[in-house]
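S.K.: Could you have a look at this structure, given as structure tokens, before my questions?
The values are calculated or read from the model by the stated rules, or taken from the named source; none is laboratory data. Predicted model only: the values in this text are computed from it and were never measured. All Cβ positions, glycine included, derive from the backbone under ideal geometry; neighbour counts span all protein chains shown.
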Ligand SMILES: [Mg+2]
């Protein structure tokens, strides 16, 4: 069997974040993702997701001009080999960004095909289905308005989430969230790389009594692991990072610098499931917790669920706290009591509803 074609389909879905939408590239953010479709000569189809947001046109171009012609005629079961070959071939174009996002989407689609060929859900190929559902934490959007932060934190806690993540940089917003959820719910804060180490350490002092379970990406630039390690040590806070890392070697540098307690590789960015598993193994050997980044609503989320379903220890899934009506893969996203069911069908366990893909496709 061989690969016949690889294509990319951008979709933009309406979604409700229970507050004003954040702006990105000058317009309100939509839930955008780039579906990657791999078809084999015998007509089987695998689905993946490449990091979307505002960069999807570049990633789509990479898939169409570099990935598709390079993999046509290759054996779709040779996943690691294809990943290695294309990583080497295109390394001069960057080891992260649209090239690696495209390879990530391809890798997920090939794993989907592998599961379908075996007639098993992906988790069974990755070590076994150790649970039927995974615990999730509520990853709230950035609202800025302290009242909206408090209201949505209380809403998430009320829905049973035992851990809530904010995307806020203000101490007032963090305080309001803690007051809204009480002491029994874990609270983490993702600030997306704004500060110097000194500024971050000062914030750690100001939020000490708010009992942060982790502080995520505290310093600019994100790859300054020495400064990140300073925040961890002098700020006396657990640090999480990794969504902006490129390849497992970046994680190795992060771990060797003593920069993090939680490693957060992102399946649609880091190189797909293949690279995610390498990071998971590396984290285990360094005694760092594995906590993938997955604020997705497409195959990237489902791939992360399948990986977590196969992990020995139970690791909470990052789950976007929002409502996406008409999601083409809604059938695989079943939330009950702050847990997401592990899809039981072969591969990822869910093909996108093509009627909805057509409806929300970006032309
Ligand atoms: Mg983050």
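S.K.: Mind telling me which of the residues 303, 309 ends up being assigned by TED's automatic domain parsing to the domain that holds residue 132, within 17 Å of the chain's Cα centre (by Cα), at pLDDT 95 or above and farther than 21 Å from residue 11 by Cβ? So that I can check it myself, show each step before the final result.
M.R.: Values: 303 fails: farther than 21 Å from residue 11 by Cβ.
From the options 303, 309, the qualifying one is 309.
S.K.: How many residues are more than 16 Å from the ligand (Cβ to nearest atom) and crowded, with 22+ Cβ neighbours inside 10 Å when one looks only at the stretch 136-167? Explain how you work it out, then say what you get.
M.R.: Here is the first cut: in the stretch 136-167, the ones more than 16 Å from the ligand (Cβ to nearest atom) are 144-162.
Going one step further and asking which of them are crowded, with 22+ Cβ neighbours inside 10 Å, we end up with 149, 152-153, 156, 161.
Looking only at that region, the number is 5.
S.K.: Inside the stretch 296-315, can you point out the residues that are in a loop (DSSP other than H, G, I, E, B), in contact (Cβ under 8 Å) with a residue 40 or more places away in the chain and either more than 15 Å from residue 105 (Cα to Cα) or away from the ligand (no atom under 16 Å from the Cβ) (or both)? It would help to see each step written out before you state the result.
M.R.: First, the residues of the stretch 296-315 that are in a loop (DSSP other than H, G, I, E, B): 296-298, 310-315.
From what is left, the residues that are in contact (Cβ under 8 Å) with a residue 40 or more places away in the chain are 296-298, 310-312, 314-315.
Passing the criteria: 298, 310, 311, 312, 314, 315.
S.K.: Could you identify the single residue in 200, 245 that is within 16 Å of the ligand (Cβ to nearest atom), closer than 30 Å to residue 107 by Cα and either modelled with pLDDT of 95 or more or in a loop (DSSP other than H, G, I, E, B) (or both)?
M.R.: Values: 200 fails: closer than 30 Å to residue 107 by Cα.
None of the others qualify; the one that does is 245.
S.K.: Also: What tally of residues in the stretch 225-242 results from selecting those that are crowded, with 17+ Cβ neighbours inside 10 Å and more than 14 Å from the ligand (Cβ to nearest atom)? Talk me through it step by step, then tell me what you get.
M.R.: Kept after step one, since they are crowded, with 17+ Cβ neighbours inside 10 Å, are these residues of the stretch 225-242: 225, 227-232, 235, 237, 239-242.
Imposing the further condition that a residue be more than 14 Å from the ligand (Cβ to nearest atom) reduces the set to 225, 227, 229-232, 235, 237.
Matching residues across the stretch 225-242 total 8.
S.K.: Return a yes/no flag: does the stretch 204-224 have any residue that is touching a strand residue (DSSP E or B) at 6+ places or on another chain (Cβ under 6 Å), away from the ligand (no atom under 16 Å from the Cβ) and at pLDDT 95 or above.
M.R.: No.
S.K.: Being buried (at least 18 other Cβ atoms within 10 Å of the Cβ) and farther than 30 Å from residue 346 by Cα is the requirement here; does residue 90 meet it? First the steps, then the outcome.
M.R.: Numbers: buried (at least 18 other Cβ atoms within 10 Å of the Cβ): yes; farther than 30 Å from residue 346 by Cα: yes.
Judged against the criteria, residue 90 is a match.
S.K.: Which numbered condition trips up residue 178, out of (1) touching a helix residue (DSSP H, G or I) at 6+ places or on another chain (Cβ under 8 Å); (2) closer than 29 Å to residue 345 by Cβ?
M.R.: (2)
S.K.: Now a separate question. Do we find that residue 357 is at pLDDT 95 or above and under 18 Å from the mean Cα position of the chain (by Cα) in this structure? Even if it seems obvious, please write down each step before you answer.
M.R.: Details: at pLDDT 95 or above: yes; under 18 Å from the mean Cα position of the chain (by Cα): no.
Here the answer is no, as residue 357 does not meet what is asked.
S.K.: Take the conditions surrounded by fewer than 24 Cβ atoms within 10 Å (Cβ to Cβ) and at pLDDT below 95 and apply them to residue 336. Does it pass? Explain how you work it out, then say what you get.
M.R.: Numbers: surrounded by fewer than 24 Cβ atoms within 10 Å (Cβ to Cβ): yes; at pLDDT below 95: yes.
So residue 336 passes the test.
S.K.: Of the numbered conditions (1) more than 14 Å from the chain's Cα centre (by Cα); (2) buried (at least 24 other Cβ atoms within 10 Å of the Cβ); (3) more than 14 Å from the ligand (Cβ to nearest atom), residue 272 satisfies every one except a single condition; which is it?
M.R.: Status for residue 272: all satisfied but (1).
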